[in-house]
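Here's the structure we're looking at; comments come further down.
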Amino acid sequence: MKNVKLMNKIAKVGTDKLDPSVYNVGADVTGEDAIMVRSAALHDLEFDKNLKAIARCGAGVNNIPIDRCSENGIVVFNTPGANANGVKELALCALLLAARDVTGGIEWALTLKDDPNAAKAVEAGKSAFAGNELLGKTLGVIGLGAIGGLVANAAASLGMNVIGCDPYITVEGAWSLSSAVKKAASYEDVYKAADYVTIHVPSTPTTKNMINAEAIAMMKDGVKIINLSRADLVNAADVKAALESGKVKRYVTDFPTPETIGVKGIVNIPHLGASTEESEDNCAVMAALQLDTFLRTGNIKNSVNYPNVFLPYGGHSRICVFHKNIPNMISSVTSAVSSFNINIENAANASKGDNAYTLMEVFGDIPAELKEKIGSIDGVSRVNIIK
């Protein structure tokens, strides 16, 4: 049996994908081969020596110690695109909340609860919450991946002029974009053109605080900014200063912090981007299937720290080697296999940054001594055997 530990409540439709005759799944399992997690922080968790993989039911992996996992040959999966529609729909809501002071109006309406002349008061006071229509306005989309692409297409269908920029856009992402979405050469071009700016990029050292005083200075006066990605992409202090000066009209964020809560002009949504039943189900199913495939065959798809590697599974033994992306690693590994007079029937190798993965299929049993020999090669982080 393989043990899968649940660090959060994971949708049953996902865990049901793990065959109970093969997997022991639960929050109280020990000696875990894999972990399924949503938001629980794993940075201080001591990993079991058996742990081979972590599946994040969602796209962001800030709650997982990626570097430590890579050092120990632990594959970290995420589920890109599984919650994309849920976030896209919230982004459309955020656009409307940015365009009109709907939240301010609702809060004001609550003050009229016991006013017998509430209807008249509403007609007299509603002008304080008037806004603009989206039709004909320009939306700038930063990041055109699974979510950003959907947002761009949806905004174009609403009659907005859409301009986007993504230096890392995939071929699939580019093909999925509406022809109405204009390509910008740089983020700066997006900032200068947009009435609304929406951010859909991961949090990395290069994107942290990307929306700051310098970026805001390039934008139109009265710009509205939407951030449903990560709090640290936007410098809250700089946005607050821009709200006070009138440079920014409204900031809608899905990540409330002490700096943003209660600030006039900021709409704080309590991290609802992927909080739909459908998104949670989709993420759980995708995470479970990725874990199952990896633990049974060694094939990897949608890992954030290791490359995608696929080798058609013939039902034979497999040697899974996680190693540094350095010269002579493949020859060292294959030489170790050959030294035991074992023939490699099929193999695949790929790298991702500093990490690489070599998957080999062989006939017959794999002696423990071979696993130890490969594991002793300088630069090898982990060796898994699949029988």
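The values are calculated or read from the model by the stated rules, or taken from the named source; none is laboratory data. Computed from a predicted structure; not experimentally measured. Positions of Cβ are backbone-derived with ideal geometry, glycine not excepted, and every protein chain shown enters the neighbour counts. With ligands, DNA and RNA removed, areas are computed over all heavy atoms of the protein, side chains included. Shrake-Rupley method; radii C 1.70, N 1.55, O 1.52, S 1.80 Å.
Residues that are touching a strand residue (DSSP E or B) at 6+ places or on another chain (Cβ under 8 Å), hydroxyl-bearing (Ser, Thr, Tyr) and part of a helix (DSSP H, G or I) within the range 309-337 comprise just one, Thr334. Between Asn235, Asn161, Asn209, Asn227, the distinction of being under 24 Å from Thr79 (Cβ atoms), of a type outside the set (Ser, Thr, Tyr) and without any contact (Cβ under 8 Å) to a residue 60 or more places away in the chain belongs to Asn227 only.
Consider the range 314-324 and keep the residues that are in contact (Cβ under 8 Å) with a residue 40 or more places away in the chain and open to solvent by 10 Å² or more (accessible area, probe 1.4 Å). The one that is nearest to Ala356 (Cα to Cα) is Lys324. Residues that are within 21 Å of the chain's Cα centre (by Cα) and of a type in the set (S, T, N, Q) were ranked within the range 290-332; the one that is nearest to Glu345 (Cα to Cα) is Asn299.
Within the range 188-198, if we keep just the residues that are free of Cβ contacts under 8 Å to residues at least 60 places away in the same chain and crowded, with 22+ Cβ neighbours inside 10 Å, the residue that is nearest to Gly273 (Cα to Cα) turns out to be Val197. Quick check on the range 54-61. Is at least one of its residues small (Gly, Ala, Ser), modelled with pLDDT under 95 and more than 30 Å from Asn325 (Cα to Cα)? No, because not a single residue in the range 54-61 is small (Gly, Ala, Ser), modelled with pLDDT under 95 and more than 30 Å from Asn325 (Cα to Cα). Residues that are open to solvent by 20 Å² or more (accessible area, probe 1.4 Å), within 17 Å of Lys182 (Cβ to Cβ) and of a type in the set (Val, Ile, Thr): does the range 116-128 have at least one? Within the range 116-128, not a single residue is open to solvent by 20 Å² or more (accessible area, probe 1.4 Å), within 17 Å of Lys182 (Cβ to Cβ) and of a type in the set (Val, Ile, Thr). Does the range 152-170 include one or more residues that are closer than 29 Å to Lys208 by Cα, acidic (Asp, Glu) and part of a loop (DSSP other than H, G, I, E, B)? Yes. Look at Leu135 and say whether it is surrounded by fewer than 14 Cβ atoms within 10 Å (Cβ to Cβ), part of a loop (DSSP other than H, G, I, E, B) and not basic (Lys, Arg). Yes, satisfied. Got at least one residue in the range 294-302 being modelled with pLDDT of 95 or more and more than 17 Å from Val75 (Cβ to Cβ)? No, every residue in the range 294-302 fails to be modelled with pLDDT of 95 or more and more than 17 Å from Val75 (Cβ to Cβ). Taking (1) among the aromatic types (Phe, Trp, Tyr); (2) touching a residue at least 24 places away in the same chain (Cβ under 8 Å); (3) out of contact with any strand residue (DSSP E or B) (no Cβ under 9 Å at 6 or more places or on another chain) in turn, Trp108 satisfies each apart from (2).
Looking only at the range 339-387, filter to residues that are free of Cβ contacts under 8 Å to residues at least 12 places away in the same chain and either closer than 21 Å to Arg68 by Cα or part of a loop (DSSP other than H, G, I, E, B) (or both); which one of those is least open to solvent (accessible area, probe 1.4 Å)? So, considering only residues that are free of Cβ contacts under 8 Å to residues at least 12 places away in the same chain and either closer than 21 Å to Arg68 by Cα or part of a loop (DSSP other than H, G, I, E, B) (or both), the one least open to solvent (accessible area, probe 1.4 Å) is Gly375.
Being within 16 Å of Arg382 (Cβ to Cβ) and either in contact with a helix residue (DSSP H, G or I) (Cβ under 6 Å, 6 or more places away or on another chain) or assigned to a loop (DSSP other than H, G, I, E, B) (or both) is the filter here; which residues of the range 14-60 pass it? If the condition is that a residue be within 16 Å of Arg382 (Cβ to Cβ) and either in contact with a helix residue (DSSP H, G or I) (Cβ under 6 Å, 6 or more places away or on another chain) or assigned to a loop (DSSP other than H, G, I, E, B) (or both), then Glu32, Asp33, Ala34, Phe47, Asp48, Lys49, Asn50, Leu51, Lys52, Ala53 are the ones that fit. Which residue is most open to solvent (accessible area, probe 1.4 Å), if the candidates are limited to the range 141-158 and must be under 15 Å from Thr198 (Cα atoms) and free of Cβ contacts under 8 Å to residues at least 40 places away in the same chain? By that ranking, first place goes to Asn153. Residues of the range 62-115 being outside any loop (DSSP other than H, G, I, E, B), within 14 Å of the chain's Cα centre (by Cα), aliphatic (A, V, I, L, M) and closer than 21 Å to Thr198 by Cα, which ones? If the condition is that a residue be outside any loop (DSSP other than H, G, I, E, B), within 14 Å of the chain's Cα centre (by Cα), aliphatic (A, V, I, L, M) and closer than 21 Å to Thr198 by Cα, then Ala84, Val87 are the ones that fit. Could you look through the range 270-294, keep only residues that are assigned to a helix (DSSP H, G or I) and closer than 12 Å to Val87 by Cα, and pick out the one that is most open to solvent (accessible area, probe 1.4 Å)? Once the filter is applied, the top-ranked residue is Glu278.
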